[in-house]
Structures are given as C-alpha cells and as structure tokens.
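The values are calculated or read from the model by the stated rules, or taken from the named source; none is laboratory data. Computed from a prediction, not measured in an experiment: that's the story for all the values here. For neighbour counting, all protein chains shown are included, and Cβ atoms are generated from backbone atoms with ideal geometry for every residue, glycine included. Heavy atoms of the whole protein, side chains included, go into the accessibility calculation; ligands, DNA and RNA do not. Shrake-Rupley method; radii C 1.70, N 1.55, O 1.52, S 1.80 Å.
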Amino acid sequence: MEKKKYHIVTYGCQMNVHESEKLAGIMQQLGYEETDETEKADAILFNTCCIRENAEERAYGNIGALKNLKREKKDLIIAVGGCMTQQSGAAEKLKKTFPFVDIVFGTHNLEDFKRLFEKKLSTKKSVLEIQAREGSVKEGTPKYRTSYPNAWVNIMYGCNNFCTYCIVPYVRGRERSRKVEDIVEECRELIAQGYKEITLLGQNVNSYGNDFEEGVNFAKLIATIAALDGKFRLRFMTNHPKDLSREVAYAIKENPKICRAVHLPVQSGSNRILKAMNRRYTREDYLEKLAFLKEIVPNCAVTTDVMVGFPTETEEDFNDTYDLMKTARFHGAFTFIYSPRSGTMAANLDGQIPEEVSKARISKLIDLQNGINREISEEYITKTVEVLTEGYDEKKKMYFGREEFGKMIYFASDKDVFGEFVNVKITKANGISLIGTTEN
Ligand code: 5AD
Ligand code: SF4
C-alpha cells in the first residue's frame, strides 16, 4: 500500500528548520513519507515564526490559501505550530480565522506532536493544545534530517535576555541547556553516520550551561565536541556579544575543527539605541570584543545582524550604525527593519519610525555591506579553499558548497563530490558567491 505523505512549510531561522526536522521525524514514525508537493500531501504542517510581521503575514497567507484544497480533500490534515501560535491569544485567533485547521500546537509541545496527531486521527475533531510554559528539556525526539552534509544540533532552548524588540523570550521561554553527554553523544552518532558539519544551535550559545553547576560552559563544550574523532567542521550560532568570552576565542583558536566564523549580532551602533534595546553592551564594548576575537583568532570571520528604525532612532543614531559597520567590515550582515511585536517592551514606545525613513536607512546599509562583500570576495581570487559540497546546481551545472568562513563557492567537477571536502582554487568573484576550479 502506498504510504501517506506529509509536507512541511517552515518559516524563520535555523532553529525552526531543525524543529521541522523533528516534526518530520515524528511524521516518519507515524508511517508517513515526505512530499514536496502540497497537492499530494495527506498532512500539511506549518512551522511558523513571529520574529517580524512579514513572517507572520506569509504564514497567514499560505494557510488561508489551503481553504479550497481542504474543501476538496476532506481527509487532509492541516496543522499549525511554532512561534506564532505560542503568542498569547494567537492560537485562538488562528483557529477563528481558519476554522478548517485541524491541529494547533505551540513551541513548548512540539515534542508531543505525535500524540496530538493521533488524537486528531482517533477523535476526528480539531485539536488545539498550547502548553503555556516551557517544560524541562526533552530528549529522544526522532529527527528526519534534511540538510546533509550539515546537521543541526540544539544545545539549549529559550532566551533570558529580553531585548526590548524581541518576541523570542515570550514564545520560547527561559534558557534550558541540554546535558553535555546528550549533546556529545548526538554529535558522535552524526559523525559516525557521515555528517561532515555540525552546527550547534541556541539563541545565546555563550550562556550555555549557566543553568548547571559550575564547570560546564560553552567553551568547554565546543572543545569537547571538536575532540571527537573524524573529519568534520563545527559551527555554532548565535553568540550574544555581551557574553562572548576570551575562553571561547581560545577554544576556536586551539581546535582546528571549529570554524573561525562567529555570528555576533550587533543590532545597532548607537549607545543610546543599544541601551533602549536592553542589549547590555556599548558600541565600545562590542568593538573591544571584535578586537580580542581577531587578536586571538587571526582571520576570524565575523557576521552580524543589524536593525534600523528602532523607536526614536535619529539620523545620528543611524550614522553610528553605519559607521560601526564600516569599521567592523563584517564578513556578512543580515539587515532588518524594526518590526513592532505586540507584548514586547519596544512595541509601546513613542517615536515609532516611518517606514520610508527605515527603508532609506536599510538601503544605505545594504549598499555599504554589498560593497564590503564584493571587496572581501575579491580577496579570495587565486586562493585555494576547502569547500564542503552541499549540492549541485542544475542551471549552472556546478557543485556548490561553503568554505570555512561561510562563503558560497561554485565549481565544476566530473566526480560526484556531494557531501565531500574539495579543494577549490577561486578564479572569479560573482557578487557574494565565488567561482573556482577543483584541484583534486
Ligand atoms: N524587528 C526586526 N528585527 C528583529 N529581530 C529580532 N526581533 C526583531 C524585530 N522585532 C532580528 C534581530 C535578531 C534577528 C534574528 O532578527 O536582528 O538578531
Ligand atoms: Fe531575542 Fe535578544 Fe534573546 Fe536574541 S538575545 S533571542 S534578540 S531576546
């Protein structure tokens, strides 16, 4: 008999991408198989994000678009979960707007999805279950990984920082770390299965282990994982600048398996705005962290997140951000327009910035960063870098993958090198991506 099929739609960050792998693991356990095509699916799962308004709008639009499909296909099961539904009152609103949705669940009961799905199947009634508070860390959820040769590994959940613009602490709860043994065992198994890159995930990886007794911290964790046998790369995200320590920098320096690449979101270059954001560092602190990081780990590539249009941001504040981006010369930057999130402190502040102003500011930052990206790309030409091959681009007829610092490299090869490390000599820079030829 043909297996039933599931289709998962994911919004938002890598954390969500990995959580969708857990939902997929549960669906596989239930005997379903994956399909890319919505029309062929017997179950469609939405893993939503609410970090900015546009992510929410897209999810609302896509869920709404299923109304007719559901009318034609009565047995289709539609489930909506993730950060959006975990906001207070959001699940009820969603069910009211889209009565045809069968299951609504939150971030705190994702691991419980199997039971919710079975409940729907047995009762034939819609299921709405949101667990109000985070529970303790749950181990053993099956995972159906979709990002080979990279594997995502959670090291902690939640966030204690309450940056005033951010909804994450409200929808993901307080920080909870996974045990060192559980993380290391998962990494060991992944390497044995042939994964070549492990990316550790946490909202603020530097505070890993703060909820344990003395002796456990992020620097020790990455050194322990890097000491595992086998050839693999270790990456992690996200580092909060206020907690980045010299010990972490030394762990990177001393363990060649740890990529010299740190994602260190700055958000703003203005001390007044940083304070209003509750980031708990100044521009000077940030630059000092960058300086010691680069001193201890020469060539370390730093990427960032930056935001414009935070309430009350003046032209002068913005110029401070622009200037910091110029000074820091980031290896890459994600730029965002501030989006008010109901329930956060900043949403109630006076002085919201008109959209045209924010758009003009973000486009200046994008132009600046594009220029820096181009310059950095040019610096790669004639160099040989080790690329971990992630896939094959049918249009370009080239393989692609990333080098240690995260740049995307395209190259041709006669051999099937998917999932392998390949030395590539860079011949051409093309925007942010690079083109090269293989040497082996
Ligand atoms: N508006 C715009 N950007 C936001 N981010 C987080 N919250 C908001 C918001 N309300 C950005 C931050 C963070 C990244 C993941 O998303 O820059 O680092
Ligand atoms: Fe949000 Fe700040 Fe926590 Fe990052 S550190 S998830 S921006 S509250």
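One table, with the values for the structure above:
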quantity: Mean Cβ count within 10 Å, highest first, over the residues of peptides 43-55, 240-252; calculated: 43-55, 240-252
quantity: FRET efficiency, 1/(1 + (r/R0)^6) with R0 41 Å, evaluated for THR123 and LYS275 via beta carbons; calculated: 0.20
quantity: For VAL104, residues with placed amide H under 5 Å, excluding near neighbours; calculated: VAL80, VAL127, LEU128, GLU129
quantity: Long-range HN-HN contacts of TRP152 with modeled amide H, under 5 Å; calculated: THR199
quantity: The chain - convex hull of the alpha-carbon atoms, volume per residue in Å³; calculated: 161 Å³
quantity: Within the accessible area of region 30-107 (1.4 Å probe), percent carbon and sulfur; calculated: 47 percent
quantity: Sum of -39500 (n - 2.57) over DSSP H runs of 4+, divided by residues of the chain (222 nm, nearest 500); calculated: -10500 deg cm²/dmol
quantity: Low-density loop cleavage sites - trypsin sites (Lys or Arg not before Pro) in region 117-165, where at most 16 other Cβ are within 10 Å (DSSP); calculated: LYS124, LYS125, ARG133, LYS138, ARG145
quantity: Average Cα contact separation per residue, region 103-205, under 8 Å, 6 or more apart, as relative contact order %; calculated: 30 percent
quantity: Length-normalised contact order for the chain - Cα pairs under 8 Å, 6+ apart - percent; calculated: 10 percent
quantity: Residue-normalised accessible area of the chain, given per residue in Å² at a 1.4 Å probe; calculated: 46 Å²
quantity: Sites ARG374 and GLU213 - FRET efficiency at Förster radius 56 Å, r taken between beta-carbons, to 0.05; calculated: 0.70
quantity: For the chain, built as a Gaussian network whose Cα springs stay under 10 Å, the top-fluctuating residue of SER413, SER122, SER268; calculated: SER122
quantity: Length released on extending from LYS93 to GLU185, taking residue separation times 0.36 nm less the Cα-Cα span; calculated: 29.0 nm
quantity: Accessible surface of region 204-363, 1.4 Å probe, proportion on carbon and sulfur as whole %; calculated: 52 percent
quantity: Partner aspartates and glutamates for LYS120 [C-alpha distance under 17 Å; skip if fewer than 8 residues away on the same chain]; calculated: ASP42, ASP75, ASP102, GLU111, ASP112, GLU129
quantity: Label-point separation in nm, ALA132 to GLU386, each point 7 Å along Cα→Cβ; calculated: 5.2 nm
quantity: Simple spin-label estimate for ARG145 and ASP367 in nanometres, 7 Å along Cα-Cβ; calculated: 4.4 nm
quantity: Candidates GLU129, GLU316, GLU175: whichever shows maximal mean-square fluctuation once the chain is modelled as a Gaussian network with Cα springs under 10 Å; calculated: GLU316
quantity: In region 377-423, lysine pairs closer than 21 Å at Cα, eight or more apart or cross-chain; calculated: 7
quantity: Convex hull of Cα atoms in region 206-356, direction-averaged projection (nm²); calculated: 10.4 nm²
quantity: Highest to lowest packing among 330-337, 358-365, 65-72, scored as the average C-beta count within 10 Å; calculated: 330-337, 358-365, 65-72
quantity: Additional length obtainable on full extension of the chain from THR314 to LYS396, 0.36 nm per residue less Cα span; calculated: 25.1 nm
quantity: Summed residue charge, Cβ within 9 Å of ARG176's Cβ, Lys/Arg positive, Asp/Glu negative; calculated: -1
quantity: Gaussian network model of the chain, springs between alpha carbon atoms under 10 Å - residue of GLN193, GLN203, GLN352 with greatest fluctuation; calculated: GLN193
quantity: Dimensionless Rg/Rh of region 70-165 - Kirkwood Rh, Rg from C-alpha atoms; calculated: 1.01
quantity: J(HN,Hα) series, region 314-326, from Karplus relation 6.51 cos²θ - 1.76 cosθ + 1.60, nearest Hz, glycine and proline x; calculated: 8, 4, 5, 4, 4, 4, 5, 5, 4, 5, 5, 5, 5
quantity: Inter-site label distance for LEU69 and ASN423 at 7 Å from Cα along Cβ, in nm; calculated: 4.8 nm
quantity: Those residues of region 113-143 whose amide nitrogen sits under 12 Å from the label point placed on LEU30, 7 Å along Cα→Cβ; calculated: 113-124, 127
quantity: Size-normalised alpha-carbon gyration radius of region 285-330, reference 2.2 N^0.38 Å; calculated: 1.33
quantity: Amide hydrogen neighbours beyond the local backbone of TYR208, cut-off 5 Å, H modeled; calculated: PHE218
quantity: Kirkwood-based shape ratio for region 1-112, expressed as Rg/Rh from alpha carbons; calculated: 0.94
quantity: Whole-Hz couplings from phi, Karplus 6.51/-1.76/1.60, listed for region 372-378; x for Gly and Pro; calculated: 5, 4, 4, 4, 5, 4, 4
